[in-house]
1. Would you mind calculating the relative contact order of segment 114-364 from Cα pairs under 8 angstrom and at least 6 residues apart, reporting the percent as a whole number?
2. For segment 260-381, what class follows from the C-alpha gyration tensor (a ≥ b ≥ c being the square roots of its eigenvalues): rounded when a/c is under 1.5, otherwise prolate if a/b is larger than b/c, else oblate?
3. With the dipole of the chain worked out from charges on the C-beta (+1 for Lys and Arg, -1 for Asp and Glu) around the Cα centre, which of GLY426, THR126, ALA37 lies farthest toward the positive end?
4. Using alpha carbons only, how many degrees (0 to 90, rounded to 10) separate the axis of helix 330-353 from the longest principal axis of the chain?
5. Between rounded, prolate and oblate, where does the chain land on the alpha carbon gyration tensor, with a ≥ b ≥ c its root eigenvalues, rounded for a/c under 1.5, else prolate if a/b exceeds b/c?
6. Please give the peptides 326-339, 149-162 ranked by average Cβ packing (other Cβ atoms within 10 Å per residue), highest first, as a rough proxy for protection.
7. Per DSSP H run of n ≥ 4, the term is -39500 (n - 2.57); total these for the chain, divide by its residue number, and report the mean residue ellipticity at 222 nm rounded to 500 deg cm²/dmol.
8. Please list, ordered by chain and number, the residues whose modelled amide H lies under 5 Å from the amide H of VAL272; skip anything fewer than 5 residues away on the same chain.
Amino acid sequence: MTDKTQNTMWGGRFAAGPDAIMEAINASIGFDKRLYAQDIAGSRAHAAMLAASGILSEADADAIGEGLTAILGEIEQGDFPFSTALEDIHMNVESRLRERIGDAAGRLHTARSRNDQVATDFKLWTRDQIDAATRGLEALIDALLGQAEAGADWVMPGFTHLQTAQPVTWGHHMMAYVEMFGRDLSRFRDARVRMNECPLGAAALAGTSFPIDRHVTAEALGFDRPSANSLDAVSDRDFALDYLSAATICAMHLSRFAEELVIWSSAQFRFVALSDRFSTGSSIMPQKKNPDAAELIRAKIGRILGAMVALFTVMKGLPLAYSKDMQEDKEQVFDAADSLMLALAAMEGMVRDMTANRESLAAAAGSGFSTATDLADWLVREAGLPFRDAHHATGALVAMAEKKGCDLPDLTLEEMQSVNPAITQGVFDVLGVENSVASRVSYGGTAPAQVRKQVARWREVQAGWTA
């Protein structure tokens, strides 16, 4: 590193460059080089706008455009000499551009600052990550719909407090996650709409005196409009916080599902078999097949939530406009995006490959007095009992069955009538798990017919994604 390099970058204000410690804490090229494609795209759009506005000559604009394209190729081929002395991706690209095309490169920074440049680059990158998460969620939802269609009428236990509650269907359980991930999809899409304003042209914080056309650059970069306030444009990192918020909720949903897969694939449950592609063995116990992919997905929420908390903490005390603290905005988002995309891909793969054990599901569905609520409902409908009285009578019958070591359908009619004489033979029609799930025909219920309606509704929604 030479003092001349630093003076060229910072201008005449500084007579000497920083020492090694200052360079290390100040430089961001080690991580913000991930923004290279967005940085070059923003520079190309800016140069084209400057030329269209008469601020830059066509010759210079052409040279800049060709030089930037060549630099993009160098980076993608791994031939670009990144320099810590040049601090960040912006100065690395600009310095290399000057080496390639000479003085014309110095005109590229007319009417912009690194403040609006980095805000634009980071927003473009985050927008790309939102699009990637959207595609990942769409693929996961498609895999869940396939499972729901296949098992729309397969009975299984529904749980509260991880205790058997009422029988449901496999399809209904899968559709619960479709709804969850559908909300995640909507959050990412909402965030994309909200963030789609272009900071470029806000310059350092006050705008510029050059006659630029910010609508041109906004349109060229796929934004809906330029940001309306230059101070806000360079100060804003809400788009990254929006992304991290949506990613954190999505990761939480993935973690909940992963937890169920860990439980369901255990020898004690045997509800599902995960494929070898998403399982590992033990170095000492040859019988083991561990759901490691699910466990790692379950852990990803820690990194993603941590990233969100970190960025909120960075931003919470900053005055307007740009502060160097905001250099600490990217690494957390980069890591969170990597973690989320890996978790989404792994979960989609597990869902597509996993096999539900219909026999084990059905056997468990009838255990734990899972049709007790159906008995209470029958007493209300058929015997005219107030629900609280029906609840009390059903509880007494459960206690009787527990004492006998049997389930509710195994009690005799006489035994049931000893608790309430209004009970008739018809009660046995509701005590089977198949009858129980078939009766839950309310909108959004677990009845196979309702599950198939919800699958069909989502297939219509899905068709709109590709229309």
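1. Dividing the mean separation by the residue count of segment 114-364 yields 25 percent.
2. Judged from the Cα gyration tensor, segment 260-381 comes out oblate (a/c at least 1.5, b/c at or above a/b).
3. GLY426
4. The two axes meet at around 40 degrees.
5. Since a/c reaches 1.5 and a/b is larger than b/c, the shape of the chain is classed as prolate.
6. 326-339, 149-162
7. Taken over the chain, the calculation gives -20000 deg cm²/dmol.
8. The answer is SER265, ASN357.
Taken together, the values in this text are just the output of simple stated rules run on the coordinates, not laboratory data. What you see is a predicted model; the values in this text were computed from it and never measured. Because the Cβ atoms are built from the backbone with ideal geometry, glycine has one as well, and the counts that use them run over all protein chains shown.
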